[in-house]
Amino acid sequence: MKPATKAKLIAFFGATIVKALCATLRFRIHDPAGFLQKPISVRMTGIFWHNRLFIIPWMFTHYMCPRVSTALTSASKDGEILAAFLAQFGIGAIRGSSSRRGVAAMLEMKRAAEAGYDVAITPDGPRGPRYRLNPGVITLAQKADIHVLPISVFYSRYWELKSWDAFQIPKPFAAVDITLLPLEKIPETETPEDFELQRVRLEKIMRDAHHLDS
């Protein structure tokens, strides 16, 4: 079996399981800044921690429609499966990471954003450290001149995997609270120190939203 075919099969069965589980969950969307009422022309990159990824495709499909989305996935074999998985939810994929195809992926994300796509990123992925915001989000927001939408996710009950990110899978019939935080505009920076201040600022917003210690 060809690797691409195998990835599609794994993705199909995985997406079927995720959709079945998500159908049992009680979603509560909190949108204090009214993002969902804003014009679709408002371009943004949505960011969420890697270990809360499980329900994000479902969320984008059911609550962000008709916005068109694409997501950054790694250039590894796992990334190929994830790209095929996202396709089951109508979400595109851009392959790359800081270690593989980083520059090419950044250019593709910039072009996608300029074409009107929302770009979804796990800023501590694909390998961590957990809850540390990688600088690529800041670079993308500046180069593509788009807003950043921090997203927090909480499950009332979940399983936690023994992975680097302590990946969380909600248990059937759990409540899922999703908060779309206010859009953040990342200003241009002239020095590495100013750039790092923006990275730390955005990381703090994400950590505070998840009640994480600094």
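The values are calculated or read from the model by the stated rules, or taken from the named source; none is laboratory data. Quick caveat: nothing in here was measured; it's all calculated off a predicted structure. Positions of Cβ are backbone-derived with ideal geometry, glycine not excepted, and every protein chain shown enters the neighbour counts. The protein model used for the area step is the full one, side chains on, heavy atoms only, and it has no ligands, DNA or RNA in it. Shrake-Rupley method; radii C 1.70, N 1.55, O 1.52, S 1.80 Å.
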(message) If the requirement is being surrounded by fewer than 22 Cβ atoms within 10 Å (Cβ to Cβ), among the small types (Gly, Ala, Ser) and within 21 Å of Phe195 (Cα to Cα), which of these qualifies: Gly34, Gly136, Gly90, Gly116?
(response) Gly136
(request) May I ask you to say which residue of Thr24, Thr5 is out of contact with any helix residue (DSSP H, G or I) (no Cβ under 6 Å at 6 or more places or on another chain) and either within 29 Å of Met206 (Cα to Cα) or of a type in the set (Phe, Trp, Tyr) (or both)? (result) Thr24
(message) Condition first: in a helix (DSSP H, G or I) and within 22 Å of Asp208 (Cβ to Cβ). Now tell me which residues in region 1-35 satisfy that.
(response) Phe35
(message) Residue pairs, Cβ under 7 Å, 6 or more apart or interchain, first in region 83-97 and under 8 Å from Thr70 (Cβ atoms), second assigned to a strand (DSSP E or B) and open to solvent by 20 Å² or more (accessible area, probe 1.4 Å). List them.
(response) Ile94/Leu72
(request) For Gly90, work out the one condition from (1) of a type in the set (Gly, Ala, Ser); (2) at positive phi; (3) in a strand (DSSP E or B) it doesn't fulfil. (result) (3)
(message) If I ask for residues that are in contact with a strand residue (DSSP E or B) (Cβ under 7 Å, 6 or more places away or on another chain) and in a helix (DSSP H, G or I), which ones from region 118-141 would you list?
(response) Val137, Leu140, Ala141
(request) For region 122-144, enumerate the residues that are within 15 Å of Gly102 (Cβ to Cβ) and among the charged types (D, E, K, R). (result) Arg127, Lys143
(request) Please go through region 142-196 and pick out each residue that is under 23 Å from Thr24 (Cα atoms), among the hydrophobic types (A, V, I, L, M, F, W, C) and in contact with a helix residue (DSSP H, G or I) (Cβ under 9 Å, 6 or more places away or on another chain). (result) Ile151, Val153, Phe154, Leu161, Ala166, Phe167, Ile169, Val176, Ile178, Leu180
(request) Hey, can you tell me all the residues within region 106-130 that are more than 13 Å from the chain's Cα centre (by Cα) and not hydrophobic (A, V, I, L, M, F, W, C)? (result) Glu108, Lys110, Arg111, Glu114, Gly116, Tyr117, Arg127, Gly128, Pro129, Arg130
(request) Output the number of residues of region 6-28 satisfying the condition of being of a type in the set (A, V, I, L, M, F, W, C), under 16 Å from Ala174 (Cα atoms) and surrounded by 14 or more Cβ atoms within 10 Å (Cβ to Cβ). (result) 5
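Every residue, every condition in (1) open to solvent by less than 40 Å² (accessible area, probe 1.4 Å); (2) over 14 Å from the mean Cα position of the chain (by Cα); (3) within 15 Å of Ile47 (Cβ to Cβ), yes or no:
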position	(1), (2), (3)
Leu140	yes, no, yes
Tyr155	yes, yes, no
Tyr158	no, yes, no
Lys162	no, yes, no
Pro170	yes, yes, no
(request) Collect the residues in region 100-109 that are closer than 15 Å to Ala71 by Cβ and part of a helix (DSSP H, G or I), keeping them in residue-number order. (result) Ala105, Met106, Glu108, Met109
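From Ala209, Ala175, Ala144, which residue is in contact with a Leu (Cβ under 8 Å, 6 or more places away or on another chain), touching a residue at least 24 places away in the same chain (Cβ under 8 Å) and open to solvent by less than 10 Å² (accessible area, probe 1.4 Å)?
Step by step, each of Ala209, Ala175, Ala144 is checked, and only Ala175 is in contact with a Leu (Cβ under 8 Å, 6 or more places away or on another chain), touching a residue at least 24 places away in the same chain (Cβ under 8 Å) and open to solvent by less than 10 Å² (accessible area, probe 1.4 Å).
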(request) For region 60-84, name all the residues that are modelled with pLDDT of 80 or more, open to solvent by less than 30 Å² (accessible area, probe 1.4 Å) and more than 21 Å from Ser41 (Cβ to Cβ). (result) Thr73, Ala83, Ala84
